[in-house]
1. Please list 3J(HN,Hα) in residue order for the range B:94-105, calculated via the Karplus relation 6.51 cos²θ - 1.76 cosθ + 1.60 where θ = phi - 60°; whole Hz, with x for glycine and proline.
2. Can you run phi through the Karplus equation (6.51, -1.76, 1.60; θ = phi - 60°) for the range B:194-206 and list ³J(HN,Hα) in whole Hz, with x for Gly and Pro?
3. Would you mind giving the mean number of other chain beta-carbons within 10 Å of the Cβ of each residue in B:187-194, as a whole number?
4. Give me the aspartates and glutamates in straight-line cross-link reach of B:K27: C-alpha distance below 14 Å, same-chain residues under 8 apart excluded.
5. From the residues C:A14, B:L96, B:S283, which one has its Cα farthest along the dipole of the protein assembly as shown in the positive direction, the dipole being from +1 and -1 charges on Cβ of Lys/Arg and Asp/Glu about the Cα centre?
6. Where does helix A:6-29 land angle-wise versus the long Cα axis of chain A, in degrees 0 to 90, nearest 10?
7. Return the whole-Å distance between the Cα centroid of the range C:135-166 and the Cα centroid of the range B:180-242.
8. Out of C:Q25, C:S40, C:V125, whose Cα points farthest toward the positive end of the dipole of the range C:3-157 (charges: +1 Lys, Arg; -1 Asp, Glu; placed on Cβ)?
Amino acid sequence: MRKISNRALIIIFLGLLAVSAVWILIAANIEQDELTAEIYVDGRLMYTLDLSKVTEEYTIELPHNTVLVGEGEISMLSADCPDQLCVRQGVIRNGIQPIICLPNRVEIRIVKDSGIDAVTGGRS
Amino acid sequence: MKRRLIIVQAVALLLLALASCSAKPEKSKVTVFAMDTVIYLEAYGEGAQAALDEAAEKLYFLDELLSATKEDSEISKINKSAGSFVPISDEVIKQLEAALEVSRRSGGAFDVSVLPLVNLWGFGTEGAHVPAAEEIEAALQYVDYGKIGLEGSSVRLAQGMSITLGAIAKGYASQELSEMLKGRGISSAILSLGGNVQAIGSKPDGLKWRVALRDPVSAAETAGVFELSDMAAVTSGGYERYFEQDGKVYHHILDPKTGYPAEGGLISVTIVCDNGMTADALSTALFVLGEDKAIEYWRDYGGFEAVLITDDGRMLVTEGLRDSFKKSGESYSLLYVTRNGGDKCVKYQTGR
Amino acid sequence: MSIKRIATIAALTAIALTIFMLEAQIPVIIAVPGVKLGLSNIVTLIAVYILSKRDAGIILALRIMLGSIFAGNSMIFLYSAAGGLLSFASVCLTSSFLREKQIWAVGVLSAIAHNAAQIAVAALVMDSLALFWYLPWLIIAAIITGAFTGLSAQFAVKSLKNTRLR
């Protein structure tokens with residue numbers, strides 16, 4: 001087998017590191033106009049929310065978690081899981097990365113156009 | 001021989017995969033401010049943009065024609081000439097005929113001649129207030145759909161009457177637009193006129209249009225989702241327009257018989273029907289009728305499906321929507337309304 | 001198998017298990033499920049170079065089973081097993097063509113494999129493909145922790161070269 005030099009390996013891994021970092025930076029900052037958030041508990045869709053229509057923050061209580069719904073953003077306010085990773089993740093504003101509370105099987109994700117196409121009821 | 005077969009299959013699979021990943025059809029969008037609301041039109045396919053531009057023109061035209069507040073509209077003309085016959089356009093004839101049929105079937109729960117009452121209450125204006133009982137009594141004299149004389153292509157209102165097509169115009173518009181777009185070869189589009197939604201065909205990928213039903217209590221939340229194809233969904237709810245006086249809430253859907261906001265125990269009525277105009281009129285009619293009479297209407301006449309949300313937390317869904325409506329969240333308990341309920345007894349089936 | 005080998009395997013398993021248990025107590029900084037330092041992997045790597053792949057596999061399997069019994073639950077077992085399996089497979093593959101001065105790289109690749117396997121399991125458990133968006137985070141974490149464990153293993157193997165364990 002051909003031998004790969006240490007230097008080559010370093011370059012490859014640094015490259016991978018850079019790509020991942022860029023990916024994260026871009027992903028965290030993409031703004032989305034159509035912001036529909038879906039909250040799944042145990043794989044079942046429990047709530048569908050239109051974040052772009054929120055004018056005042058409010059919370060949603062789940063059996064083991066509390067979700068904070070804000071203007072164009074959503075986050076896990078509190079959870080009774082030991083690692084608290086979902087809470088520390090902070091706010092999400094786009095559909096690229098979901099908030100997941102693995103121990104309690106809760107997933108909050110922002111869905112793009114393919115979620116809701118129109119809304120009936122009340123003035124838009 | 002075997003190897004060749006595998007290669008052929010692999011190539012076929014590859015081609016199939018490529019074909020399904022073919023370019024997504026172009027989406028054309030147009031936003032129109034008319035009929036006292038924001039209108040979003042979305043259509044797919046070739047020529048969609050041009051068709052939508054035409055649709056926008058039509059909306060402006062209808063707005064001018066049908067508005068009860070615009071001085072030069074046909075409706076204003078009719079109202080000013082109460083007592084005499086006025087020739088009217090096909091557009092208005094169609095709406096009046098449909099409105100009168102719903103009026104008859106609902107025993108007056110729907111009545112386009114409520115304008116005197118609406119103006120009295122002043123919903124949506126700065127001067128919105130609770131009128132004195134005598135004022136309401138006086139206005140009620142002029143509220144009677146039976147006195148709208150439709151003959152040929154003319155209409156005559158009795159003296160002192162005035163009409164508004166506000167509860168049916170958007171539905172009429174969406175129905176007309178839908179037919180116009182289909183005539184232009186559009187097979188996939190979705191129209192949102194305020195809360196009136198009308199879907200043409202399905203989405204370009206073949207899936208049905210997903211239409212959310214806004215929760216009447218918390219505006220940012222969804223109470224349920226419809227999956228529709230070639231259908232209109234229209235919702236009426238008191239929460240759309242109301243004011244508070246002395247701690248009590250007065251909403252804008254008046255009961256034409258009492259002159260006061262309807263108190264049928266419903267906070268939101270959604271009608272799903274293939275005709276947008278019918279859906280619009282029925283959403284108001286059933287809201288005024290209230291839970292029991294609304295279900296009776298559905299059982300007697302059919303031709304549509306409905307979701308009724310009551311003020312005590314129940315969501316009544318007519319059984320035709322079993323496969324196309326899913327409740328969201330836990331705010332309401334869902335019950336299916338079945339066709340065979342006996343005369344007064346309403347048979348419910350618990351949904352999930 | 002010689003007594004020396006058995007004893008070595010036993011000792012390494014004990015070390016791996018201890019590291020695993022201690023590591024479970026350290027809180028993780030990154031807000032993503034499944035990220036951990038993976039320090040017990042140092043033992044796996046060392047074992048591959050001073051014993052054999054088969055022996056290293058035994059140590060790994062023992063560590064996973066005992067670790068889940070002592071410090072975890074069935075969920076931890078699932079994740080450990082998935083991560084362990086894929087990272088071990090990657091070690092077997094890469095150690096064939098990377099030299100001893102590159103054990104650090106073997107470590108990086110095995111860490112990447114480990115984390116990728118964990119995301120896959122999490123996606124299955126949560127029944128959601130959305131988990132895969134965490135990949136960039138996990139790759140970064142894997143490169144850093146993998147380099148650390150790999151380098152540690154590399155130094156260990158080098159110093160053990162002159163002892164009778166080699």
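1. So the J values, rounded to whole Hz, are 4, 5, 5, 4, 5, 4, 5, 5, 5, 4, 5, 5.
2. So the Karplus estimates, Gly and Pro as x, are x, x, 8, 10, 9, 9, 9, x, 10, 5, x, 7, x Hz.
3. If you average over the peptide's residues, the count of other-chain Cβ atoms is 2.
4. List returned: A:D113, A:D117, B:E42, B:E46, B:D53, B:D205.
5. Selected residue: C:A14.
6. Here the helix axis deviates by roughly 10 degrees.
7. Centre-to-centre (Cα) distance: 58 Å.
8. Ranked along the dipole, the leading option is C:S40.
Throughout, read-outs are computed from the coordinates displayed, never taken from laboratory work. Model, not experiment: these values are computed from the prediction. Neighbour counts run over all protein chains shown; Cβ positions are idealised from the backbone, glycine included.
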